[in-house]
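Working notes for the structure below.
The values are calculated or read from the model by the stated rules, or taken from the named source; none is laboratory data. Please read all numbers here as calculations on a predicted model, not as lab measurements. Glycine gets a Cβ as well: all are built from the backbone with ideal geometry, and neighbour counts include every protein chain shown. Protein only, heavy atoms only, side chains kept; ligands, DNA and RNA dropped before computing areas. Shrake-Rupley method; radii C 1.70, N 1.55, O 1.52, S 1.80 Å.
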Amino acid sequence: MTIIVGYVNTPAGHAALDTGIREAQKSDSDIVVVNASHPRRDSHRLAEAEVRSVREQLSRAGVKGEVLTPGNELDPAEQILDTAAEVGADLIVLGTRKRTPVGKFLLGSTIQKVILDAESPVLCVKAAH
């Protein structure tokens, strides 16, 4: 079994990673962490130290996995969906956060696109407040 975790270095991203790790431990699954970022805004692209930190977190949890930072022109949802299709993902885990209707309209909704277009189940989690 393979679990995809859509990850950015935010509270919602940390919640997704923590949940993905717990799910992987329960089902003895591998994890593929996808650090998807918008091609025109690299604000969520992980630095090498952050990638190492995520790898160490997986290792400490005893979970086999890898961290991908796609550098292509696809939007974040497509990066997650393409990776899920490539590895035959059994589950996709995403972190959510509240957005205004205007924010959704202007920036789109990665989560909505993944939920609607994914071939596998999608688990959305909120960060603790």
Among residues of segment 42-68 being over 16 Å from Asp18 (Cα atoms) and not charged (D, E, K, R), the residue nearest to the chain's Cα centre (by Cα) is Leu68
In segment 112-129, anything β-branched (Val, Ile, Thr) and either over 14 Å from the mean Cα position of the chain (by Cα) or assigned to a strand (DSSP E or B) (or both) is listed as Val122, Val125
Checked pairs for segment 49-61, first over 15 Å from Tyr7 (Cα atoms), second surrounded by fewer than 17 Cβ atoms within 10 Å (Cβ to Cβ), C-beta under 7 Å and 6 or more apart or across chains, list as Ala61/Gln25
With the first residue restricted to segment 80-106 and required to be polar (S, T, N, Q), and the second required to be open to solvent by 30 Å² or more (accessible area, probe 1.4 Å) and modelled with pLDDT of 70 or more, Cβ contacts under 7 Å at 6 or more apart or on different chains are Thr83/Leu68; Thr96/Ile111; Thr96/Cys124; Thr96/Lys126
